[in-house]
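Derivation of every value follows stated rules applied to the coordinates shown; laboratory data play no part. From a predicted model like this one, the values you see are computed outputs, not experimental measurements. Cβ placement follows ideal geometry from the backbone for every residue including glycine, while neighbour counts extend to all protein chains displayed.
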Amino acid sequence: MVATKNIALPGGPVRGSSTGRPINAAMDLLGRRGALRVLWELREDRVLTFRALAAVSELPPGTLNARLKELREAGVVGAEDGYRLTATGVSLIAALMPLMAWSEDWAKGLASAARSGPPPAGAAG
């Protein structure tokens, strides 16, 4: 697939990469303002209207419209009787769950380290 103007798709240049490798395109797409929030709100077979997505995503209508267009062109979101995840979108959510678990462990580790304070000067890390 070749990237169209301003849409992060494998096969063409994306933010941070000129190669268009699939992982770079996915990170570009998911890193855009509100994209992950839209996906999260559509998980578990949810179907939401534009107005409902605008309310829960807290995105301005223009930004939400741009994200939905990008996610639809990427084949992750469909729009029949409201917005919903496609099979590709469902598999993306499943792929993100281990990252979510990792991020929660990471946050707990950082919080724990902050509570215990910095290591003594000269201590090996």
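Remarks
- The angle separating the long axis of helix 87-116 from the principal Cα axis of greatest extent in the chain is about 20 degrees.
- Gyration tensor verdict on the chain (Cα atoms; rounded if a/c is under 1.5, prolate if a/b is larger than b/c, oblate otherwise): prolate
- Here the residues MET97, MET27, ranked from fewest to most Cβ neighbours within 10 Å of their Cβ, fall in the order MET97, MET27.
- Against the main long axis of the alpha-carbon atoms of the chain, helix 61-73 sits at an angle near 80°.
- Contour excess over end-to-end distance, with Cα ends at GLU44 and TRP102 and 0.36 nm allotted per residue: 18.8 nm
- Segment 33-82 shape via C-alpha gyration tensor axes, a/c threshold 1.5: rounded
- Between 0 and 90 degrees, the angle of helix 22-31 with respect to the longest Cα principal axis of the chain falls at about 90 degrees.
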